[in-house]
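J.: One structure, as structure tokens, below. Some questions next.
The values are calculated or read from the model by the stated rules, or taken from the named source; none is laboratory data. What you see is a predicted model, and the numbers here were worked out from it, not measured in a lab. We place every Cβ from the backbone using ideal geometry, glycine too, and count neighbours over all the protein chains shown.
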Amino acid sequence: MLQTVEAIYDPQKGLAFSEEMNITTPIKVLVTFVESSSFFSPIPKAPTLDDLLAGSLKEALVLTDEDREWLNSPAIGKEIL
């Protein structure tokens, strides 16, 4: 069944229908944006570890003496080695 109902979407409040709707179970909806797409901005993709490492300075990825000392230090708690 296809039924057309006008609604306004507010990012803070969600979807508000222009008439009362008695929706008691999950339903599939079709959305048509009437206003200009300039109101919408794409959600940036979260960077992956590979993205972050690719943008890192190569010298920042080299272990320093301090790094090696920390890695080789004995456990002082209940760390799993």
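J.: Can you tell me which residue among Asp67, Asp51 is assigned to a helix (DSSP H, G or I), more than 24 Å from the chain's Cα centre (by Cα) and of a type in the set (D, E, K, R)?
T.: Asp67
J.: Now, a different point. Looking for whichever is polar (S, T, N, Q), out of contact with any strand residue (DSSP E or B) (no Cβ under 8 Å at 6 or more places or on another chain) and either on the phi > 0 side of the Ramachandran plot or free of Cβ contacts under 8 Å to residues at least 60 places away in the same chain (or both) here; the options are Ser56, Ser18. Which one fits?
T.: Only one candidate passes the filter, namely Ser56.
J.: Among Ile43, Ile80, which is the only one that is loosely packed, with under 10 Cβ neighbours inside 10 Å, within 24 Å of the chain's Cα centre (by Cα), assigned to a loop (DSSP other than H, G, I, E, B) and at pLDDT below 80?
T.: So the residue among Ile43, Ile80 that is loosely packed, with under 10 Cβ neighbours inside 10 Å, within 24 Å of the chain's Cα centre (by Cα), assigned to a loop (DSSP other than H, G, I, E, B) and at pLDDT below 80 is Ile43.
J.: Additional query: What residue, of Gln12, Gln3, is at pLDDT below 85 and assigned to a loop (DSSP other than H, G, I, E, B)?
T.: The conditions single out Gln3.
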